[in-house]
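The values are calculated or read from the model by the stated rules, or taken from the named source; none is laboratory data. This structure is a prediction, so every number in the text was calculated from the model and none was measured. In this analysis, Cβ positions are derived from the backbone assuming ideal geometry, glycine residues included, and neighbour counts consider all displayed protein chains.
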Amino acid sequence: MEQVLVYFYTYKEVIFIIALSIFLGIEVISHVPSVLHTPLMSGANAISGVIIIGGIILVGHADTSHISTELVLGILAIIFATLNVAGGFVVTDRMLEMFKKKKK
Amino acid sequence: MDKIIGTLNGTPFTMGETLLQLSYLLAALLFVYGLKLLSHPETARRGNIIAGAGMLLAMISTMFLHKNADGQGIALTNIWIIIISIGVGTVLGWYIARTVKMTAMPQLVSFFNATGGLASALVALLEFPHADITDVRLVLVTLLGLVIGSIAFSGSMIAYGKLDGKIKDIRAGIMKYVNIALLIFVVAMFVYMLVSGKSTQELGWELYVLFGISLLYGVLFVMPIGGADMPVVISLLNSFTGIAAAMAGFIYNNQAMILGGILVGSAGSILTVLMCNAMNRSLLNVIVGAFGGGPSSAQAEGGTMKEITLSDASILLSYSQNVVIIPGYGLAVAQAQHVCHELDQLLSSKGVNVRYAIHPVAGRMPGHMNVLLAEADVPYSQLVEMDDINPDMPSTDVAVVIGANDTVNPAALNDPGSPIAGMPIIHAHEAKNIIVMKRGRGKGYAGIENQLFFGEKTRLLFGNAKDSLQALVNEIKSL
C-alpha cells in the first residue's frame, strides 16, 4: 500500500494529466450528433499523430555522420507520423467541406 | 535561448526550455479546443484547423528548442533531415487525402491510423536500447508503446483491406484461443525481459519477437470481425494509436504527447461505445463477433420474395406523393449516390415529396450516408434522421430500400430472440409499399433473414444498385 502511495507521489503530475485528459476526452465527445462521428474520429486520428514529436526528438539527436538503422527507422517514423497528421487533417477537412456545402 | 533564467530543485533551466514547455501547453490547449469545436456541425471545420495549428506549433518548437539530457540542441543537419522527412510525409499524405474517392473515406481514415501506429511502434523500438532495464516504469511504457502501436498498425491495415474489399472475413472458432494465447505470450515476454538480467541493449531478438507477435495479434484480432463492424474497430484502434503515442510521451516526459495521446485514447474509446450503443450491441459482442454465430430463433420460414418489373416500379414511384429512400451499404458499394440523386430530382420534378431516411449506422461508418449523399449534392434538408422520419412512415406511399438490410429488419422490434433485437431501425415495413433494391437473395451482414423482404407490401428489384437505379431513371423518363 505504501509503495502505491510513494509511486503516486513520485508521478503525481503525470497522474493528474492522465486523469484530467481522460475526463476531458469523454466530456468533449459525449454529446456529438452521429453525423459528426466520422469526421470526429478522423480529426482525433490526426491528433494521435503527436507521436511525430517523438520522431523529431529521435532523429534530432541521432548521429548523422553515417547511415545507421536508427537514423533510417527514425526517418521512416517521421514520414509515417506526418502521413497520419497531414493526411488526417486534410481528410477531415475534406469531409467537413461537404457538410458546409449542403448547408446552403 | 541558452540563457539560464532560473533554477528548479537545484537544476538550472534556460529560456529555450521554458518556451518549449509553454508552446507544448499552448499546443495541448489547441488540441482540446479543436476537438471541442469538432463536435459541433457549425464549428467543426474551424476546430480541425485549430487542432492542426496546435500540431504545427508543437512540431516547430520541438525542432528548434528541444535539448537532450546533455543539454545538446538539434543540429542543423538533423533539422534538414527532419524537414525533408516531414515534407515527404506531408506531400504524400496531402496527395492521398485529396485524391481518394469520397466513398473510400472510411478505409482512408483506417490507413492513416495505421501509419500513426507504426510510427509509435518504431519510436518505441528505437528508444528501447536507450532505456535502463532497472527503470521498470520506463521499460514498461516503452514496451507497451511498441505492442499497442504495432497492434494499431497491423489491425488498421487489415481493417483497411476489409473496407476496400481486398480481405474477406475469416471466422474460425479456434482463433479466439489463438488470440488469447498470443496475449499470454506477450505478457510472458514482458516478464521475461524484465527479469532476464540482460541490459536493454542485449535484449535484441526478444524485442523483435515481441514486435512480430504484436503485429500478428493485430492481424488476428481484426480478421474475424465482420466488415460491417469496421467503424467500431477503427474507432477502437484509433484510441490504441492515441495510447501508444501517450506511452511515447512518457518516454520523453513530454506533456503535449501525453495529453494529446490520452485525449485521443479516451475520446476514441467513448466514440467506440457510442457507436456500439447505436447498434445496441456491446463492444465485447462486436469483438467476439457474435453476429451469425450460433443458430438464432430468427431463422424463421422464408416465404417468397416477389419481384417487381422496372415499368411497375417507375409507375408506382411517379404517381406517389411521399417517397422515402433508405440507403445502406449497397448504395456505397455500387457508388450509386449520383444516380440516386438523379432519381430523386426526377421524382421531385413530378411533384413527389422525396426524402432520405438516414440510419445512424447505415453504411460502413456513422455519417457515411450523409457524406456520400452530400457528395452527390443532395440538399441537407432532404436528409432526415431515423427518429424524425419514423413517425411519417405509415403515411409514406413508397419506401425505397437501396442496399440496406439490417437497419430495416423488423425482427429487431418484434423478435426478442434475434441477434439484432432492440437495435433501433427505420420502420420501412410501415410504409404502404416497399421497393427493395438488392444484389441477390442473400442475407444481410448479420446473417439473419429479413421478414421485410417477404412481406405482402414488398417488391424486390434485383441487381447492382447503380444499374437498377439507372434503369429506373431511364424508365421514368420514358413514361
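Key figures
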| read-out | value |
| --- | --- |
| Residue that is surrounded by the most Cβ atoms within 10 Å (Cβ to Cβ) [pool: residues in segment B:119-159 that are of a type in the set (S, T, N, Q) and outside any loop (DSSP other than H, G, I, E, B)] | B:Ser120 |
| Residue that is farthest from B:Lys101 (Cα to Cα), among those in segment A:69-90 that are among the hydrophobic types (A, V, I, L, M, F, W, C) and more than 7 Å from chain B (Cβ to nearest Cβ) | A:Leu71 |
| Residues (more than 9 Å from chain A (Cβ to nearest Cβ) and over 35 Å from the mean Cα position of the chain (by Cα)) located in segment B:71-86 | B:Gly71, B:Leu76 |
| One residue from B:Gly417, B:Gly422, B:Gly455 being modelled with pLDDT under 90 and either on the phi > 0 side of the Ramachandran plot or surrounded by 22 or more Cβ atoms within 10 Å (Cβ to Cβ) (or both) | B:Gly422 |
| Test: A:Ser42 is in contact (Cβ under 8 Å) with a residue 24 or more places away in the chain and within 7 Å of another protein chain (Cβ to nearest Cβ) | yes |
| Residue count for segment A:51-82, restricted to those that are of a type in the set (A, V, I, L, M) and touching a residue at least 24 places away in the same chain (Cβ under 8 Å) | 5 |
| Answer residue from segment B:93-116, given it is of a type in the set (Phe, Trp, Tyr) and at the interface with another protein chain (Cβ under 7 Å from one of its Cβ atoms) and is farthest from the chain's Cα centre (by Cα) among those | B:Trp94 |
| Selection from segment B:209-252 of residues that are free of Cβ contacts under 8 Å to residues at least 40 places away in the same chain, surrounded by fewer than 22 Cβ atoms within 10 Å (Cβ to Cβ) and in contact with a helix residue (DSSP H, G or I) (Cβ under 8 Å, 6 or more places away or on another chain) | B:Val209, B:Ile213, B:Tyr252 |
| Looking only at segment B:201-231, and only at residues there that are in a helix (DSSP H, G or I) and farther than 17 Å from B:Met157 by Cβ, the one that is modelled with the lowest pLDDT | B:Ala228 |
| Only one of B:Lys162, B:Lys198, B:Lys176, B:Lys168 that is surrounded by 22 or more Cβ atoms within 10 Å (Cβ to Cβ), assigned by the TED database to the domain that holds B:Arg281 and either among the basic types (Lys, Arg) or without any contact (Cβ under 8 Å) to a residue 12 or more places away in the chain (or both) | B:Lys162 |
| Residues that are assigned to a helix (DSSP H, G or I) and at the interface with chain A (Cβ under 9 Å from one of its Cβ atoms), drawn from segment B:61-70 | B:Thr62, B:Met63 |
| Qualifying positions in segment A:15-39 - aliphatic (A, V, I, L, M) and at the interface with chain B (Cβ under 7 Å from one of its Cβ atoms) | A:Ile17, A:Ile18, A:Ile22, A:Leu24, A:Ile26, A:Val28, A:Ile29, A:Val32, A:Val35, A:Leu36 |
| Matching entry among B:Thr14, B:Thr62, B:Thr90 (being among the polar types (S, T, N, Q), surrounded by 15 or more Cβ atoms within 10 Å (Cβ to Cβ), in the same structural domain as B:Gly242 (by the TED database) and more than 35 Å from the chain's Cα centre (by Cα)) | B:Thr14 |
| Cross-chain or 6+ apart pairs with Cβ under 7 Å, segment B:262-276 first and more than 7 Å from every other protein chain (Cβ to nearest Cβ) and without any contact (Cβ under 8 Å) to a residue 60 or more places away in the chain, then surrounded by fewer than 24 Cβ atoms within 10 Å (Cβ to Cβ) and outside any helix (DSSP H, G or I) | B:Cys276/B:Ser282 |
| Some residue of segment B:372-382 being closer than 20 Å to B:Leu452 by Cβ, touching a residue at least 24 places away in the same chain (Cβ under 8 Å) and buried (at least 17 other Cβ atoms within 10 Å of the Cβ) | no |
| Answer residue from segment B:425-452, given it is in contact with a strand residue (DSSP E or B) (Cβ under 9 Å, 6 or more places away or on another chain) and at pLDDT below 80 and is surrounded by the most Cβ atoms within 10 Å (Cβ to Cβ) among those | B:Arg441 |
| Residue among A:Gly43, A:Gly55 that is more than 16 Å from B:Ala121 (Cα to Cα), modelled with pLDDT of 90 or more, crowded, with 24+ Cβ neighbours inside 10 Å and not aromatic (Phe, Trp, Tyr) | A:Gly43 |
| Cross-chain or 6+ apart pairs with Cβ under 7 Å, segment B:399-428 first and assigned by the TED database to the domain that holds B:Met386, then among the charged types (D, E, K, R) | B:Ile420/B:Asp406; B:Ala421/B:Asp415 |
| Scope segment B:1-60; condition of a type in the set (Val, Ile, Thr), within 11 Å of chain A (Cβ to nearest Cβ) and assigned to a helix (DSSP H, G or I); matching residues | B:Val32, B:Ile49, B:Ile50, B:Ile60 |
